[in-house]
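Notes to accompany the following structure.
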Amino acid sequence: MSAPERAPAVSLPLAQPSITEPPAEYARLQAECPVARVVTENGTHAWMVTRYEDVRFVLADPRFSIRFAGAASDNAEDAPEESLFQDPPGHSRLRRLVGRAFTARRMADLRPAVRRTAERLAAEMADDYPPAELVSDFAFPLSINVISELLGVPTPDRADFRAWSEAVISLTAHTPEEIGAAWNNLQGYVAELIEAKRRDPGSDLMSALIAVRDNEDDKLSTGELRTMAVTLLVAGHVSTVNAITMGMLTLLTNRAQYDRLVADPGLIEGAVEEILRCQFGKRGLMRIAKDDVQVGEALIRKGDTVFAELGAANVDASLFPEPARFDITRPENPHLAFGHGIHHCLGAALGRMELHVTLEVLSSAFPLMRTVLPVERIPLRTGLLDQSPAALLVTW
């Protein structure tokens with residue numbers, strides 16, 4: 001038996017000094033047990049890799065499957081064939097087709113509308129407050145408007161997506177019945193949206209996905225379109241809300257960094273990357289071993305679940321000097337916030353653009369912004385895949 005197999009399992013989630021700081025356990029595990037046995041909140045036993053190179057290895061090696069991560073159970077064979085949560089060759093085909101619609105040009109064309117929305121929300125905050133509540137007054141409406149504009153979702157329908165999106169990424173915050181109902185609502189709505197776009201296509205991404213094809217016989221099926229749209233709605237909205245909220249909280253907690261950003265907008269690009277590196281409330285990416293695989297001192301058996309812990313990789317001292325320090329002027333920042341390998345996040349350019357616009361607009365409009373409550377008193381959303389503030393009161 002290897003050393004990691006003899007060691008007692010580590011309980012997840014790991015304790016953090018605060019929501020803006022990485023778990024102290026990361027450094028210990030990287031030094032003493034970089035491939036560790038863990039037990040999740042629901043009692044599932046798994047492995048967790050914490051070193052940067054090991055995380056890249058697990059995410060890139062074809063012996064680790066993504067298919068189970070999109071399934072309703074832990075069985076890799078249960079993942080739907082129309083999902084991006086599958087291995088090549090199915091994933092390669094879907095990624096190729098979707099990539100033809102999800103272009104850098106489309107993201108660039110979207111930026112002026114994102115900027116207008118951000119400026120409108122900032123102006124409303126300035127007119128009605130202080131204080132403002134950054135989640136409901138800015139992060140949520142910005143992200144849901146952006147992803148809805150991208151997919152062509154009509155304005156009156158957007159209010160429903162927050163509850164549905166949060167339910168489907170629940171671990172313990174919602175009952176299985178509530179999660180199932182949310183999935184059914186999302187799937188049903190998106191099916192109707194697809195048919196509407198088929199009848200009356202527009203310039204949005206959904207219309208482009210309907211039209212895209214590899215050849216005359218190969219295009220996205222209705223099931224693939226439906227699953228893709230649900231994935232984009234949930235991931236594109238929830239992840240952006242968390243990144244904006246956590247990004248602003250981390251900046252405002254590190255006051256000197258925010259003041260530097262206000263004084264020099266040229267630092268925004270570096271700030272975006274450092275915010276992405278320092279997202280410590282995210283759960284690691286799940287994979288399942290298709291064969292026995294040796295990772296460091298640990299032999300991971302076929303069928304074992306593995307968490308590739310991005311948050312730990314992003315504070316690996318071998319890559320990031322003074323890794324726990326938040327520094328928007330960090331010269332090298334090869335973080336893994338968007339994953340690695342063939343499943344690297346399709347929405348990376350969109351996420352970066354929304355964060356960039358957010359920092360431009362808020363640092364200009366509110367140079368004296370500060371949080372109302374200390375970090376330890378800020379309420380957190382719990383029981384979800386990604387942890388972030390439930391509300392963030394700010395004043396200026």
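Give me the one-decimal nm value for the distance between modelled label points at residue 100 and residue 53, 7 Å along each residue's Cα-to-Cβ direction.
About 4.0 nm, to one decimal.
In region 235-286, if the dipole is taken from +1 on Lys/Arg beta carbons and -1 on Asp/Glu beta carbons about the Cα centre, which of 281, 249, 263 is farthest to the positive end?
281
Under 21 Å Cα to Cα from residue 290, which lysines show up? Leave out anything in the same chain fewer than 8 places away.
Within the straight-line cut-off, residue 290 pairs with 302.
Select from the chain the helices, each a whole stretch of DSSP H, whose alpha-carbon atoms run 15 Å or more along the helix axis and whose Kyte-Doolittle mean is at least 0.0; answer none if there are none.
Length and hydropathy pass: 140-151, 222-253, 348-365.
With charges only on Cβ, +1 for K and R and -1 for D and E, what is the dipole size of region 278-392 about its Cα centre, in debye, rounded to 20?
340 debye
Based on DSSP loop calls and a cut-off of at most 15 other Cβ atoms within 10 Å, the longest stretch of the chain free of exposed GluC sites (Glu not before Pro) is what?
In short, 82-215.
Modelling each spin label as a point 7 Å along the Cα-to-Cβ direction, I'd like the residue 155/residue 199 distance in nm, to one decimal.
Result: 2.2 nm between the two label points.
Taking the Cα centre of region 311-374 as the origin and placing charges on Cβ (Lys, Arg +1; Asp, Glu -1), which of 362, 335, 315 is farthest toward the positive end of the dipole?
Toward the positive end, the furthest listed residue is 362.
Residues of region 332-364 with the amide nitrogen closer than 13 Å to a label point 7 Å from the Cα of residue 111, along Cα-to-Cβ, please.
349-358, 360
How much accessible surface area, in Å² rounded to 10, belongs to the heavy atoms of residue 100 with a 1.4 Å probe?
Ignoring ligands and nucleic acids, residue 100 comes out at about 120 Å².
If the only charges are +1 at each Lys and Arg Cβ and -1 at each Asp and Glu Cβ, what is the size of the charge dipole of the chain around the Cα centre, to the nearest 20 debye? Don't jump to the answer; show the numbers that get you there.
Working: 40 positive and 54 negative charges, 86 e Å.
Computed charge dipole of the chain: roughly 420 debye.
Counting only heavy atoms of the protein chains, get the accessible area per residue of the chain (1.4 Å probe) and round it to a whole Å² value.
Heavy-atom accessible area per residue stands at 44 Å².
Can you work out the FRET efficiency for the pair residue 185 and residue 18, with r the C-beta to C-beta distance and R0 = 41 Å, to the nearest 0.05?
That pair, residue 185 with residue 18, gives E of 0.70.
With charges set only on the Cβ (+1 for Lys and Arg, -1 for Asp and Glu), what does the dipole of region 251-306 come to about its Cα centre, in debye to the nearest 20? Intermediate values should be presented prior to the final figure.
Details: 9 positive and 9 negative charges, 63 e Å.
Its charge dipole is roughly 300 debye.
With each pseudo-label sitting 7 Å past Cα toward Cβ, what's the residue 263-residue 373 distance in nm, one decimal?
Result: 3.2 nm between the two label points.
Suppose we keep just the DSSP beta bridges with both residues in the chain; what percent of those would be antiparallel, to 5?
Details: 23 of 28 bridges.
Here the share of antiparallel DSSP bridges comes out near 80 percent.
The values are calculated or read from the model by the stated rules, or taken from the named source; none is laboratory data. Values in this document were obtained by computation on a predicted structure and should not be read as measured data. Positions of Cβ are generated from backbone atoms using ideal geometry, with glycine treated the same way; all protein chains shown enter the neighbour counts. What goes into the accessible areas is simple: the full protein's heavy atoms, side chains included, and nothing from ligands, DNA or RNA. Shrake-Rupley method; radii C 1.70, N 1.55, O 1.52, S 1.80 Å.
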